[in-house]
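Below is one structure, written out as structure tokens; comments come after it.
The values are calculated or read from the model by the stated rules, or taken from the named source; none is laboratory data. Everything numeric in this text was worked out from a predicted model, so none of it was measured. Using ideal geometry, Cβ is built from the backbone for each residue, glycine included, and neighbour counts are taken over all protein chains shown. Heavy atoms of the whole protein, side chains included, go into the accessibility calculation; ligands, DNA and RNA do not. Shrake-Rupley method; radii C 1.70, N 1.55, O 1.52, S 1.80 Å.
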Amino acid sequence: GAGVSQSPSNKVTEKGKDVELRCDPISGHTALYWYRQRLGQGLEFLIYFQGNSAPDKSGLPSDRFSAERTGESVSTLTIQRTQQEDSAVYLCASSRDSGNGELFFGEGSRLTVL
Amino acid sequence: AQTVTQSQPEMSVQEAETVTLSCTYDTSESDYYLFWYKQPPSRQMILVIRQEAYKQQNATENRFSVNFQKAAKSFSLKISDSQLGDAAMYFCAYVLDSGGSNYKLTFGKGTLLTVNP
């Protein structure tokens with residue numbers, strides 16, 4: 001597609017439920033990133049996928065968080081047993097390679113955990 | 001820990017005037033890239049300007065320019081002839097150019113810029 005597409009745009013869920021967030025990167029971009037943005041904060045790195053290499057999951061805050069990507073296509077970020085502190089905007093980005101910081105972002109998925 | 005500090009949580013500027021947003025960072029590495037990203041209310045982060053640390057010349061992109069002071073680890077953004085569409089949250093960030101983490105951007109907490117008509 002023309003840009004990075006994320007869904008849902010907004011998600012409200014109850015504490016304890018699982019949620020799945022989706023990211024469709026720009027076609028041809030081998031690298032894909034997930035970041036978390038809490039209210040009033042900068043972006044926190046969560047996970048990085050590059051082609052078929054093993055992903056860098058070092059930013060995932062707990063084992064309730066997981067992400068998958070098939071090849072160079074869509075990625076899903078799953079949060080199990082959501083907690084109120086998981087409320088944030090989850091931003092996905094893609095780049096041609098590691099990008100040296102030139103990332104193309106989606107509009108994010110705003111997650112609210114009640 | 002590597003950090004980015006934006007000391008101005010909020011700034012305002014009159015339309016057509018000039019404003020400077022501050023950023024300092026802390027890294028022991030010598031090779032890195034610096035960025036300013038803009039996040040309007042749509043939430044989509046957009047790259048405004050990029051600077052390679054090995055270049056002494058300050059980057060410019062139309063009305064946007066930077067003042068890069070490597071020794072001081074300072075990277076400010078100047079917006080000239082401010083427009084209403086410049087109103088957004090601005091984030092300073094950097095990424096290392098070497099090693100195994102040349103994809104992990106480190107972001108500041110942002111500066112919210114208001115442009116007054």
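When each of A:S66, A:S58 is tested for being under 13 Å from the mean Cα position of the chain (by Cα) and either over 29 Å from B:A88 (Cα atoms) or of a type in the set (D, E) (or both), the lone residue that passes is A:S66. Taking B:V4 and the conditions (1) closer than 23 Å to A:F104 by Cα; (2) more than 14 Å from chain A (Cβ to nearest Cβ), which numbered condition does it fall short on, given that it satisfies the others? For B:V4, the exception is condition (2). Scanning region B:61-83 for residues that are under 12 Å from the mean Cα position of the chain (by Cα) and of a type outside the set (K, R) turns up B:F64, B:S65, B:V66, B:N67, B:F68, B:S74, B:F75, B:S76, B:L77, B:I79. Kindly indicate the residue of region B:75-117 that is touching a Ser or Thr at 6+ places or on another chain (Cβ under 9 Å), among the aliphatic types (A, V, I, L, M) and under 11 Å from B:F35 (Cβ atoms) and also nearest to the other protein chains (Cβ to nearest Cβ) among those meeting that condition. Looking at residues that are touching a Ser or Thr at 6+ places or on another chain (Cβ under 9 Å), among the aliphatic types (A, V, I, L, M) and under 11 Å from B:F35 (Cβ atoms), I get B:V95. Reported count of residues in region B:87-110, each being touching a residue at least 60 places away in the same chain (Cβ under 8 Å) and either crowded, with 21+ Cβ neighbours inside 10 Å or closer than 21 Å to A:S94 by Cβ (or both), is 13. Condition (residue is acidic (D, E) and under 24 Å from B:T114 (Cα atoms)) applied to region B:49-71: is it met by at least one residue? So far as region B:49-71 goes, yes, one or more of its residues are acidic (D, E) and under 24 Å from B:T114 (Cα atoms). Checked against the criterion of being small (G, A, S), open to solvent by 30 Å² or more (accessible area, probe 1.4 Å) and part of a strand (DSSP E or B), the candidates A:S66, A:S73 yield just one match: A:S66. In region A:24-53, of all residues being open to solvent by 60 Å² or more (accessible area, probe 1.4 Å) and of a type in the set (G, A, S), the one that is farthest from A:V89 (Cα to Cα) corresponds to A:S53.
Against the conditions (1) modelled with pLDDT under 95; (2) within 15 Å of A:E107 (Cβ to Cβ); (3) not small (G, A, S), A:C23 satisfies every one except (1). Which members of region A:84-111 meet the condition of being open to solvent by 50 Å² or more (accessible area, probe 1.4 Å) and more than 14 Å from chain B (Cβ to nearest Cβ)? Within region A:84-111, A:Q84, A:E85 qualify.
Taken residue by residue, region B:47-55 has no member that is hydrophobic (A, V, I, L, M, F, W, C) and more than 14 Å from the chain's Cα centre (by Cα). Among the criteria (1) assigned to a loop (DSSP other than H, G, I, E, B); (2) out of contact with any Cys (no Cβ under 9 Å at 6 or more places or on another chain); (3) of a type in the set (S, T, Y), the one B:S7 does not fulfil is (2).
Screening B:L34 against (1) open to solvent by 10 Å² or more (accessible area, probe 1.4 Å); (2) touching a residue at least 60 places away in the same chain (Cβ under 8 Å); (3) not small (G, A, S) leaves a single unmet condition, (1). When each of B:A53, B:A71 is tested for being at pLDDT below 95, more than 28 Å from A:L39 (Cα to Cα), of a type outside the set (D, E) and surrounded by fewer than 12 Cβ atoms within 10 Å (Cβ to Cβ), the lone residue that passes is B:A71.
For region A:31-57, filtering for residues that are in contact (Cβ under 8 Å) with a residue 12 or more places away in the chain and not in a strand (DSSP E or B) leaves 5.
Evaluating B:S30 against the criteria (1) under 23 Å from A:S95 (Cα atoms); (2) assigned to a loop (DSSP other than H, G, I, E, B) leaves one unmet condition, (1).
Would it be correct to say that A:T70 is modelled with pLDDT under 95 and away from chain B (no Cβ under 14 Å)? Spelling it out, A:T70 is indeed modelled with pLDDT under 95 and away from chain B (no Cβ under 14 Å).
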